[in-house]
1. Scan the range 259-283 residue by residue and report those that are touching a strand residue (DSSP E or B) at 6+ places or on another chain (Cβ under 6 Å) and closer than 13 Å to residue 236 by Cβ.
2. Just one of the numbered conditions (1) within 28 Å of residue 50 (Cα to Cα); (2) over 14 Å from the mean Cα position of the chain (by Cα) is not true of residue 198; which one?
3. Scan the range 24-35 and tell me whether some residue there is in contact with a helix residue (DSSP H, G or I) (Cβ under 6 Å, 6 or more places away or on another chain), within 27 Å of residue 74 (Cα to Cα), in contact (Cβ under 8 Å) with a residue 40 or more places away in the chain and buried (at least 19 other Cβ atoms within 10 Å of the Cβ).
4. Taking only pairs six or more apart or across chains, which ones have beta-carbon atoms under 8 Å, a first residue in the range 96-120 that is in contact (Cβ under 8 Å) with a residue 24 or more places away in the chain and on the phi > 0 side of the Ramachandran plot, and a second residue that is surrounded by 17 or more Cβ atoms within 10 Å (Cβ to Cβ) and part of a loop (DSSP other than H, G, I, E, B)?
């Protein structure tokens, strides 16, 4: 029997408080009908709650990813960084890249967040008419040794791969396993083409194995395995990392259930590959 991973570095967590309606307006009104248990997502989720729910897995470090809307995502980075020492994390922060009128303004927002020692990169926070920001912004990320996190659905993945071509030295993390919307055959086919294109875009393009419970409405190994296995095959285990996407994916189960599935799906891989998937790859990418 393959032993459980000895440690975890969770590459995607959202700490938030729905009471802050200016930052998280989408959390203020839980849907009346939703797949899964909506109360598990639409709740206050702080570092203490996260630690309690992950207690069985020796989570050594975790990465908070921007969730506040628009320019509030910049303030979110700075606040979480200030509070992290007294709250046990996060150890790294992916901040926000909100819409901006000019490239200069986008770079100004990068530099503002760079005041936070735990700041490691950005994800777009709405308003992009394409999945990848302007080349000048990408170059600014390279110059600052910052990660770009790609938020794109399957029908945008090939476009993203083309837009990233030729941007040398930029570390890219594909969020949520390419963000499929469903397990429909048509969606799967488009997703496979897009993921293959991104995997071939360069060794600096990584894949975050997360976010699948939402579209698949399950954490069962049988549901997640075909997607995880394809991604690992395309990118290689050295360019993939597991992440919980909690509390969003907690609508469909517990952290224990999710990580037991990750454990089961990768049981046939070697120790080095599994150490990378569960911890070391995220440590390297986010420098923690």
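The numbers here are math on the coordinates, done by the rules we state, and not lab data. Only a predicted model underlies this, so the values are computations on that prediction, with no experimental measurement involved. FYI the Cβ positions are ideal-geometry reconstructions off the backbone, even for glycines, and counts take in every protein chain you see.
1. Once the filter is applied, which keeps residues that are touching a strand residue (DSSP E or B) at 6+ places or on another chain (Cβ under 6 Å) and closer than 13 Å to residue 236 by Cβ, the range 259-283 yields 277, 281.
2. Just one mismatch for residue 198, condition (1).
3. Checking the range 24-35: not a single residue is in contact with a helix residue (DSSP H, G or I) (Cβ under 6 Å, 6 or more places away or on another chain), within 27 Å of residue 74 (Cα to Cα), in contact (Cβ under 8 Å) with a residue 40 or more places away in the chain and buried (at least 19 other Cβ atoms within 10 Å of the Cβ).
4. Every condition considered, no pair remains.
Yes/no per residue for (1) touching a residue at least 24 places away in the same chain (Cβ under 8 Å); (2) surrounded by fewer than 23 Cβ atoms within 10 Å (Cβ to Cβ); (3) closer than 24 Å to residue 64 by Cβ:
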residue: 135; (1), (2), (3): yes, yes, no
residue: 155; (1), (2), (3): yes, yes, no
residue: 168; (1), (2), (3): yes, yes, no
residue: 178; (1), (2), (3): yes, no, yes
residue: 181; (1), (2), (3): yes, yes, no
residue: 184; (1), (2), (3): no, yes, no
residue: 187; (1), (2), (3): yes, yes, no
residue: 191; (1), (2), (3): yes, no, no
residue: 200; (1), (2), (3): yes, yes, no
